Each structure stands twice: as structure tokens, then as C-alpha cells.
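The values are calculated or read from the model by the stated rules, or taken from the named source; none is laboratory data. Since we're looking at a predicted model, the values are computed, not measured. When we count neighbours, we look across all protein chains shown, and the Cβ atoms used for this are built from the backbone with ideal geometry, even at glycine. Note: accessible area is taken over every heavy atom of the protein model, side chains too, but ligands, DNA and RNA are not part of it. Shrake-Rupley method; radii C 1.70, N 1.55, O 1.52, S 1.80 Å.
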Amino acid sequence: LQASAKAHSNMALIKYWGKRDETLMLPHNSSFSVTLDALYTTTTVAFDAALDHDILILNGREAEEKAKLKVSRFLDIVREMAGVNIHAKVTSQNSFPTGAGLASSASGFAALACAASKAAGLDLDGKALSMLARRGSGSACRSIYGGFVEWQKGVKLDGSDSYAIPVASPEHWPLSLLIATVSDKQKKISSREGMAKTVATSPFYNSWLNTIEEDLAQAKAAVQNRDLDTLGKVAERNALRMHATMLSADPPFLYWQKGTIAVIREVESLRESGIPAYFTIDAGANVAVLCEPSHAAQIKEKLLRLREVQNVIVSGPGPGVTLL
Ligand code: PMV
């Protein structure tokens, strides 16, 4: 009745933005990401008949109510699948400092899906694990696999065709991703809320959806060919188009801070000086910079010189979820 798992976070190169089903976490669009070796979550789940409620310890402390509720709801799904009706103690630790503005929902729910299902006596394969992780946080379904991963949106109402598949292993292309944190403020609008507002009110939302298939095909081909210039250009335009749907929502919203623009400008000037570097931005202020490993140290130094940049974490493609 107890199991532990480790899962890595991922950075979307083609973003998931917008749900067609809020309960089953079914997306309007397919997405594509790289799993990150530097950012991970380790989680232990212990079902215990003596407990009268679920317990969540996050980074050594009892978690706040909102996080506890999300985890309890997720455990309900696992309990129902396994026919188990006892509560659990969940202990979860992130490899990165909390409050660093780094999203942990992808690694968190991927690790939780793996540990909780095993502890409840289920033996799920990658596809079933990916569909389960998706119920916690959409992007978590991609963290089941290592390297470069596609989340196929699926078309079925029950979500049975909406899961991630591995596209290329971490060893295929040891690309570097530099995660520049520019703000540790809790964002005012969660991804969940932000995408719902966008789908409901942005007149650009359908145009966003119309760009996905082509961008996805180009990004996957670029990964197969280890072509940084093509991948970088597609990732940049895809991220900017996603942010354009938020700017065009009603009321509009923007996750960027001063530091976000500072990093974008630095990436442009690196490129002008002949160093291939490209950015992508999730639903937050921080920026990830894609580059060849041979340029990572030099780019990190440049980014750290910007006043608004607090920290730079260098990552490569990482592995999929593992039971410990
Ligand atoms: O899975 P969520 O609810 O954390 O949403 C993730 C949304 C983005 O990070 C902006 C894009 C993505 O595909 O990860």
C-alpha cells in the first residue's frame, strides 16, 4: 500500500492552451514538449486505513488547502480505479526551490500518478499512466515519458485517445534549455483559469488552433533532424501566438514582467552576434532559452548579467517517470 516515484518537469515547445473538457482535462490542441532533467519531483504515497482524511506534505510542510484538495480529488480517481476506499499520506519533494516561480504541476502529478496507482495495487502501462496524470494537470501527461514528447489531443468524448507518446529519446539530442527566473511572485491567474478565460473570450482563439498542426509537424521534424534553428523559430512563434490569445481575451491579461522582455531582447542580441538561441514562455513570467550545449555556459553568464534575472537553471532532456 506504499510506493514512491520520481518524475521530471517538462517545457512545452508547442503549447497546450485551452480545454474542450474541464473535468476530464481534454485539450483543444495537441502539444509537444521536452522533459527536463534538472527539475523533478519525488513523491511517496502510503494508503493507511487508520487515516480519516488525506494528508499532503509538500517540501517538508503541510500543504495549503487548495493543493490538498487537488491531490485528494486526484486520489479519488485512483481509489475508484483500484476499488480502494482508504485515505493516504502523500509526501512530495521538488528538486527546485519553491517560490522560484517554477511550475511543479507537471512533475508533481506525473510522480503522484505513478506512486498512487502502484500503492493502490494497479499496474498501469505508459498510456494508462499518461491518461491518469492528465487528470491532475494536463501537461503532466507528457512527463510520463523522457526526451521529446507529444500529447495527442484525441477526439473522443471519454478521453481514451488523449495521452502522450514519446517522439525521441533524451539521448537523441542533448539540447540545452536555460530556465531564467525573473519573478518569484505567485501569478494572479493560474494556467487553468487563464486558458478557460481565453477559450471563452478571445476572438483569436480559433486562429491559434488553426496554427497548431503545421507548427507541431515542423517541430517534430526539427527534432528528428536536430535542427535548432527550425525548432527555435517554431517554438518562439508558437509561444508568442499563445500569449497573443491572452492579450486578446476580454478582459485581457499578460503574464510577462520586465524581466521577460529583458530576456527576449538578450536572446535577440545573442542571435545577432551569431549565437543560436531561442526563447519560449509558459503561462508565467519566466523564460526558457534553447541552445546548443556548447553555448550554454556563455548564455547563462549573459542572462545572469541582466538585472531582472534572479537565477538560471541549465537543463537538458531528462528521463520519464520511474518507480523508486
Ligand atoms: O497543465 P497546466 O494546467 O499546468 O497547463 C500548462 C499550460 C502551459 O504551460 C502554458 C503550456 C504547456 O503545454 O505546458
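Summary table below
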| quantity | calculated |
| --- | --- |
| Residue within the stretch 139-160 that is among the aliphatic types (A, V, I, L, M), surrounded by 20 or more Cβ atoms within 10 Å (Cβ to Cβ) and touching an Asp or Glu at 6+ places or on another chain (Cβ under 7 Å) present | no |
| Segments classed as strands (runs of 3 or more DSSP E), wholly inside the stretch 4-73, with at least 1 members that are open to solvent by less than 10 Å² (accessible area, probe 1.4 Å) | 31-47, 55-58 |
| Among (1) in a helix (DSSP H, G or I); (2) over 30 Å from Leu303 (Cβ atoms); (3) touching a Ser or Thr at 6+ places or on another chain (Cβ under 8 Å); (4) touching a residue at least 40 places away in the same chain (Cβ under 8 Å), the one test that Pro203 misses | (1) |
| Which listed residue, of Val84, Val78, is of a type in the set (A, V, I, L, M, F, W, C), farther than 18 Å from Val321 by Cβ and at pLDDT 95 or above | Val84 |
| Of the criteria (1) buried (at least 24 other Cβ atoms within 10 Å of the Cβ); (2) away from the ligand (no atom under 16 Å from the Cβ); (3) in a helix (DSSP H, G or I), which one Met195 fails | (2) |
| Residue in the stretch 233-245 that is farther than 16 Å from Phe32 by Cβ, modelled with pLDDT of 95 or more and open to solvent by less than 20 Å² (accessible area, probe 1.4 Å) present | yes |
| Set Thr41, Thr35: member being closer than 22 Å to Ala67 by Cβ and either at pLDDT 95 or above or within 16 Å of the ligand (Cβ to nearest atom) (or both) | Thr41 |
| The listed residue being farther than 17 Å from Gly318 by Cα, within 11 Å of the ligand (Cβ to nearest atom), touching a residue at least 40 places away in the same chain (Cβ under 8 Å) and not β-branched (Val, Ile, Thr), out of Gly136, Gly108 | Gly136 |
| Residue list for the stretch 201-232, restricted to those being more than 30 Å from Glu171 (Cα to Cα), hydrophobic (A, V, I, L, M, F, W, C) and open to solvent by less than 80 Å² (accessible area, probe 1.4 Å) | Trp208, Leu209 |
| Among (1) polar (S, T, N, Q); (2) within 26 Å of Ile189 (Cβ to Cβ); (3) out of contact with any helix residue (DSSP H, G or I) (no Cβ under 7 Å at 6 or more places or on another chain) - the single one Gln93 does not satisfy | (2) |
